[in-house]
Amino acid sequence: MDTLSKLKSHGSWVGRWTFILAATGSAVGLGNIWGFPYKAGTNGGGAFVLIYLLCILAIGIPIMISEIIIGRRSGNSPINAMRLAARDSNTTSMWQLVGWSGIIAGILILSFYSVIAGICLNYIFLAAASGGVDSAEQFGNVTSSPINLLTWHTIFMLITCSVVSAGIHAGIGRVVKVLMPMLGILLIFMVINGILSGGFMQAFAFLFAPDFSEVDSNTFLSAMGQAFFSLSLGMGSIMAYGAYMPKEQKIISTSFTVASLDTLVAIFAGLAIFPIIFAFGLEPNSGPGLVFESLQTAFIEMDYGQIIGPIFFILLSIAALSSSISLLEPGVAFISEEGLLSRKNAAILISLVAWFLGIGTALSFNIWSDFNLTPGRNFLDSMDFIANQILLPLGGMFIAIFVGWFMDKNLIKEELGNVNPVLFGLWKFFVRFIAPLAVAVIFYNAIFG
Ligand code: PHE
């Protein structure tokens, strides 16, 4: 008997909005609120934003549509979804490797994601109580202690694991319905606070006036990596969530909604953070420490900073949690649908692996700070580089090639339903040619350029 037909099913999202909330929750995360502003800050502001937007449109959205098509068709984890789609398209089962690479990338990302998210949790409390301290010294204290980092990393991983253990409907679905509206409200509050802070116009100009002098081939690689990472593409999170999407929901318009919300949040995060940075005369290009050092300096000095600061870090922690659950889900879905372990035990197993790898990231802030895992990059930077700038774009490229060139047309049409033929043609053109070529060219330039 065909082993694929014995797979367990996971159930589906209840209600039309749940997929949108869950996928937006996956997309909106540290990448938007912590990563996007500091990367824009160090890569020439508006020029980076422009290239980033192009990557979202030309590469991100076409691939998101492809992932959902593959996922929803099978209702299973990315590995089996790829296997089924390949089988039904009469092509090689090697395509399932895309699912495997995704699950590995998910675990790698989760390992460092949880450490950074742990720092955010820690800062909720620090920001509430940090009158009169020096923010650089504070960040130093937070990151110099392996025990401190590991404690918060453990707490964050436990929360992530317990949500995923509870399942699609009772766990992830229920949690995103509460978290996402909260996130929206907190973010709007922070943007209003930015508008009132006095640095808004400067922040606006910084984010939207392009400075191309800072742009080189690495800017493209970094913007593309950021686009994949931010939309949660190339590793199966969206594919796994797509597997639980109700059949009547429209894939193309839903993808545009999710991508637009994700982009809006990234830009709003910039408009929440940079006005404060400028109002307090701080540097916008301080890198990964932007929110923990520069922004925290402003929270310490500003009126009501002990309220606004914690609100910001709660926002960041919520965003991180709704993403980390989607990093864990593909692997958990695979193990549990194969009947190898229960969902709960699968969640515990994968969380433990990611937790263990996370120790390397925690130590890269202190005793391993001089240890390079890959040339010129410490443990955290290496994980980030391997996952975001290599595995995700590569995974995304293969997904585009598979759907564009190998997947049976009828299967695709069945999933997309009635779509405007022009829109369909456009999408097809982008998945077949533009997305794979763009990834290849950007890789080529970053390696040989
Ligand atoms: N999109 C998330 C963020 O922006 C991170 C993520 C990447 C989540 C890949 C799932 C998959 O922070």
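The values are calculated or read from the model by the stated rules, or taken from the named source; none is laboratory data. Every value quoted in this text rests on a predicted model; they were computed, and no experiment measured them. Using ideal geometry, Cβ is built from the backbone for each residue, glycine included, and neighbour counts are taken over all protein chains shown.
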Handout entry: So Ser26, is it over 20 Å from the mean Cα position of the chain (by Cα) and closer than 16 Å to Ile172 by Cβ
Key = no
Fill in the blank from the handout: Taking segment 396-424 and keeping only residues that are farther than 30 Å from Gln226 by Cα, in contact (Cβ under 8 Å) with a residue 60 or more places away in the chain and not charged (D, E, K, R), one is left with Leu411, Gly417
Exercise for the section: Looking only at segment 220-232, decide whether some residue is at pLDDT 95 or above, on the phi < 0 side of the Ramachandran plot and either hydrophobic (A, V, I, L, M, F, W, C) or in a loop (DSSP other than H, G, I, E, B) (or both). Expected result: yes
Practice task
Scan segment 325-352 and report the pairs whose first residue is basic (Lys, Arg) and whose second residue is in a helix (DSSP H, G or I) and more than 16 Å from the ligand (Cβ to nearest atom), with Cβ atoms within less than 7 Å and a gap of 6+ or a chain change.
Solution key: Arg343/Ser165; Arg343/Ser336; Lys344/Ser165
Practice task
Evaluate the following for Phe189: is it surrounded by 15 or more Cβ atoms within 10 Å (Cβ to Cβ), more than 14 Å from the ligand (Cβ to nearest atom) and under 30 Å from Asn445 (Cβ atoms)?
Solution key: no
Handout entry: Only one of Asn445, Asn410, Asn420, Asn372 that is closer than 28 Å to Leu327 by Cα and among the polar types (S, T, N, Q)
Key = Asn372
Problem - Residue in segment 205-212 that is touching a residue at least 24 places away in the same chain (Cβ under 8 Å) and within 16 Å of the ligand (Cβ to nearest atom) present - result: no
Exercise for the section: Could you list, in sequence order, all residues of segment 140-156 that are over 16 Å from Ser369 (Cα atoms) and of a type in the set (A, V, I, L, M)? Expected result: Ile155
Practice task
State all residues of segment 172-187 that are over 15 Å from Ala320 (Cα atoms) and without any contact (Cβ under 8 Å) to a residue 40 or more places away in the chain; if no residue qualifies, say none.
Solution key: Arg174, Ile185
